[in-house]
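All remarks here apply to the structure that follows.
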Amino acid sequence: NGDFASGDSSNWSMVVGSASVSGSDLGGKKGNVTCNSGQSACPAFGAPAAGNPLAGLTAPAVGTAKTWANGDGPGTYSGMSFGGNTSVNLPSGVYVLSGGNFSCGGTSTITGTGVMFYLTNGATWNCSGTPSVNLTAPSASNCATCSSQYYGILIYQDPNDKNADKMGGTSTY
């Protein structure tokens, strides 16, 4: 239900199986989307509007938010910030951001396999600059502690939050 915005949409990149957008091409600001399924128009615009595929999903438990420190694992945080030339490999699991931001910038490197981020209580995702972000959603083979309902979901925003999330600059996702 939140908006996805890219600071400079010509510089963001996304590789997916297929992609469709309900509506127009946003004035040509579609970024660099690669569909590895062979889809000819990627993304395909003008698709019919669909219901929320996550409507039946149970949100992760929101614990007491603590301050993120490099080296921490899954849990509830008041925000996660990666700047300068920070390098971090996030352990698999569910990361809840309650009321803060996931922010990255500079030349930071953020990796993680089997991770999901749940944004709630006004939390946002905001990256810019030239970070390298390589994250993989949970699956049965990469996150033994993750509920199967979260398999394939990398970022899940509380449907009651309406904040815009931004991925911009020359970031690669």
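Among the residues of the stretch 32-62, those that are of a type in the set (S, T, N, Q) and touching a residue at least 40 places away in the same chain (Cβ under 8 Å) comprise Asn52, Thr58. Is there a residue being open to solvent by 60 Å² or more (accessible area, probe 1.4 Å) and of a type in the set (Gly, Ala, Ser) anywhere in the stretch 133-143? Within the stretch 133-143, one or more residues are open to solvent by 60 Å² or more (accessible area, probe 1.4 Å) and of a type in the set (Gly, Ala, Ser).
Please find, within the stretch 82-106, the residue that is nearest to Asp158 (Cα to Cα) out of those that are more than 14 Å from the chain's Cα centre (by Cα) and open to solvent by 70 Å² or more (accessible area, probe 1.4 Å). Filtering the stretch 82-106 for residues that are more than 14 Å from the chain's Cα centre (by Cα) and open to solvent by 70 Å² or more (accessible area, probe 1.4 Å), the one nearest to Asp158 (Cα to Cα) comes out as Asn89. The set of residues in the stretch 144-153 that are surrounded by 13 or more Cβ atoms within 10 Å (Cβ to Cβ) and closer than 18 Å to Ala55 by Cβ comprises Ser147, Gln149, Tyr150, Tyr151, Ile153.
I need the full set of residues from the stretch 37-60 which are within 30 Å of Val96 (Cα to Cα) and touching a strand residue (DSSP E or B) at 6+ places or on another chain (Cβ under 8 Å), in order please. Answer for the stretch 37-60, where residues must be within 30 Å of Val96 (Cα to Cα) and touching a strand residue (DSSP E or B) at 6+ places or on another chain (Cβ under 8 Å): Pro43, Leu54, Leu57, Ala59, Pro60.
Within the stretch 63-81, residues that are in contact (Cβ under 8 Å) with a residue 24 or more places away in the chain and surrounded by fewer than 17 Cβ atoms within 10 Å (Cβ to Cβ) reach partners that are in a loop (DSSP other than H, G, I, E, B) and among the aliphatic types (A, V, I, L, M) with beta carbons closer than 9 Å, at six or more positions or on different chains, in the pairs Gly79/Ala65; Gly79/Ala123. Count of the stretch 107-125 residues, restricted to those that are more than 17 Å from Tyr77 (Cα to Cα), outside any strand (DSSP E or B) and either open to solvent by 10 Å² or more (accessible area, probe 1.4 Å) or among the hydroxyl-bearing types (Ser, Thr, Tyr) (or both), is 2.
Considering (1) at positive phi; (2) open to solvent by 30 Å² or more (accessible area, probe 1.4 Å); (3) at pLDDT below 85; (4) not hydrophobic (A, V, I, L, M, F, W, C), the lone condition that Gly169 does not fulfil carries the number (2).
The values are calculated or read from the model by the stated rules, or taken from the named source; none is laboratory data. Keep in mind it's a predicted model, so treat the numbers as computed, not measured. Because the Cβ atoms are built from the backbone with ideal geometry, glycine has one as well, and the counts that use them run over all protein chains shown. Accessible surface areas use protein heavy atoms only, side chains included; no ligands, DNA or RNA. Shrake-Rupley method; radii C 1.70, N 1.55, O 1.52, S 1.80 Å.
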